[in-house]
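So the structure is just underneath, and the comments pick up after that.
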Amino acid sequence: MTSSSSNTPAGQTPSGQASSGQAMWGGRFSDKPAELMQAINVSIGFDKRLAAQDLAGSRAHAAMLCSAGVIASEDEAAIQKGLDKIAGEIADGTFPFREEYEDIHMNVEARLRELIGPVAGRLHTARSRNDQVALDFRMWVRDACDRTIAQLRALQAALVAQAEAHADTLMPGFTHLQPAQPVTFGHHLMAYVEMFGRDASRFSDARRRMNESPLGAAALAGSPFPIDREMTAKALGFDRPTANSLDSVSDRDFALEALAAATLCGVHLSRLAEEIVIWTTPQFGFIRLSDAFTTGSSIMPQKKNPDAAELVRAKVGRLLGSFTQLTVVMKGLPLAYSKDMQEDKVPTFEAFDALELSLKAMAGMVADLEPVAPRMAAAAGAGFSTATDLADWLVRTLDMPFRDAHHVTGAAVKRAEQLGCDLAELPLAELQALSQGIGPDVYEVLTPSASAGSRKSYGGTAPDQVRAQIKRWKEALA
């Protein structure tokens with residue numbers, strides 16, 4: 001079964017190029033593609049980002065072919081040496097990426113022929129560009145998921161650090177962007193830790209599902225050579241080879257699933273960015289950002305704009321657009337490979353570029369932000385935010401049905417509005433006029449700190465509960 005490498009195939013130059021100057025697949029063709037065809041067909045401008053994955057796949061494939069007796073050991077040694085040389089050229093920026101070879105796969109193979117001669121042609125035995133690109137792209141997306149998970153953990157760590165420093169710092173909790181109940185700033189930040197934890201788990205779950213190797217599926221039907229797909233899968237860090245050759249080359253679910261996770265992560269980043277934008281306004285004044293994450297105005301000298309947060313907020317459009325773009329590409333394709341699928345890479349590359357930049361920027365902003373605690377504490381008590389605490393007190397102390405307590409508290413809020421005071425400032429006589437059983441101890445629950453401190457149910461905003469969640473996440477992130 002072992003092949004020899006001494007002869008140059010008929011009709012080809014020693015470099016492996018067809019003698020007419022045709023492409024490496026051009027044996028059937030008598031003329032070159034039109035320039036316009038070349039322009040629409042070429043992908044090396046973007047898929048050169050797959051170079052590391054392409055080289056890794058080729059190394060594993062060559063080793064497997066030799067182990068299976070398909071190519072001679074001296075041929076494998078020459079191929080491996082040539083691939084190492086190419087990796088060095090790519091690393092130092094001297095590799096000649098050429099459009100005439102269309103994509104990263106043909107560029108590598110052509111350069112390998114230049115370096116080691118016709119034996120380079122044996123590398124493509126028992127594989128196709130179809131399973132080759134499926135492998136390269138799957139490995140790239142897998143690597144992107146790993147990077148994203150690490151960046152999410154870094155962002156979570158920054159949030160946890162701020163939350164730990166401000167587990168007692170009061171701020172208003174909102175519903176409908178109206179003051180609702182007092183919470184702590186630490187509790188608020190820990191909500192985003194939970195969100196980004198779910199994001200990390202989605203990427204991890206997608207990674208687990210995509211971790212099957214399509215190499216060996218060849219064009220669409222598998223290979224007649226005695227290849228060992230388990231060997232190449234293991235060498236490339238996959239759990240197993242894919243089980244159906246048609247699905248192997250036509251599947252892009254792994255990219256779609258990663259883009260869906262990226263889109264949802266972008267939504268969470270955008271929500272936090274929006275709050276940073278709001279909190280830095282003079283009207284709120286809850287936090288300050290340093291010069292590192294703000295910009296000025298070309299005309300208004302006083303401005304300090306939270307542009308980093310605004311740009312992160314906008315990136316979700318790019319992420320969703322990429323997911324939609326690839327969904328539209330895939331939705332009408334029959335099995336197996338179609339050239340439409342060349343359009344899978346640019347949106348995926350762009351989406352992860354945007355997501356990774358956003359995650360890094362957000363982690364930087366979270367670490368950089370400085371809460372204005374007095375301003376937040378003052379706002380925490382505004383808008384009758386302890387009204388629920390009054391209702392709860394009536395239920396606990398006077399055994400009043402909650403709906404009745406809700407009505408009494410609503411009347412108390414209305415009376416406080418009439419008198420221009422807060423609930424904690426409402427005279428006892430006014431409260432007793434609404435319910436005779438109310439005593440002076442009611443005022444103990446009407447402060448924002450007492451309100452937040454009383455929320456001791458699991459996951460609540462009481463500082464002890466916040467610290468318990470911080471401890472849990474610190475252990476998880478460690």
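For the reader, a short list of remarks on this structure follows.
- Backbone N atoms of the stretch 429-447 closer than 14 Å to the 7 Å Cα→Cβ label point of Lys414 belong to residues 434-435.
- Both radii are taken from the alpha-carbon atoms of the stretch 156-232; with Rh as the Kirkwood radius, Rg/Rh is 1.44.
- Unsatisfied cross-links (Cα-Cα over 32 Å) in the set Lys315/Lys339; Lys304/Lys414; Lys32/Lys85; Lys315/Lys456; Lys81/Lys360; Lys48/Lys303: Lys304/Lys414; Lys315/Lys456; Lys81/Lys360; Lys48/Lys303
- Label point distance in nm, Ala34-Ile299, each placed 7 Å from Cα along Cα→Cβ: 5.0
- According to the calculation over all Cα-Cα pairs in the chain, the P(r) per 10 Å bin from zero is 4, 16, 20, 17, 14, 11, 8, 6, 3, 1, 0 %.
- Rounded to the nearest 0.05, the FRET efficiency derived from the C-beta distance between Glu194 and Glu356 at R0 = 25 Å is 0.70.
- Spacing of the two label points (7 Å from each Cα toward its C-beta) at Arg208 and Glu230, in nm: 2.3
- For the stretch 33-122, radius of gyration divided by Kirkwood radius, i.e. Rg to Rh on alpha-carbons: 1.01
- Cubic angstrom per residue, convex hull over Cα atoms of the stretch 382-477: 100
- Dipole of the stretch 33-122, positive end: most advanced residue of Gly69, Gln53, Phe95 [Cβ charges, Cα centre]: Gly69
- On the principal axes of its alpha carbon atoms, the stretch 240-391 extends 64, 51, 28 Å, with the longest extent given first.
- Based on the convex hull around the alpha carbon atoms, the stretch 255-345 presents an average projected area of 8.1 nm².
- Mean projection area, nm², convex hull over Cα of the stretch 211-274: 5.3
- Its relative contact order, with pairs defined as Cα atoms under 8 Å and 6+ residues apart, puts the chain at 16 percent.
- Cleavage-rule hits, GluC sites (Glu not before Pro), the stretch 266-368, DSSP coil, Cβ neighbours within 10 Å at most 10: none
- Other residues within the sphere of radius under 10 Å centred on the Cβ of Val133, judged by their own Cβ, net out at -3 (K and R +1, D and E -1).
- Membrane-span-like helices in the chain, defined purely by DSSP H runs whose alpha carbon atoms cover 30 Å or more axially and whose average Kyte-Doolittle hydropathy reaches 0.0, are 253-279, 307-330, 345-368.
- Computed from the C-beta positions of Phe97 and Ala478, the FRET efficiency with R₀ = 45 Å rounds to 0.60.
None of the figures in this text is laboratory data; all of them are computed from the coordinates on show. Because the structure is predicted, anything quoted here is derived from the model rather than measured. Using ideal geometry, Cβ is built from the backbone for each residue, glycine included, and neighbour counts are taken over all protein chains shown.
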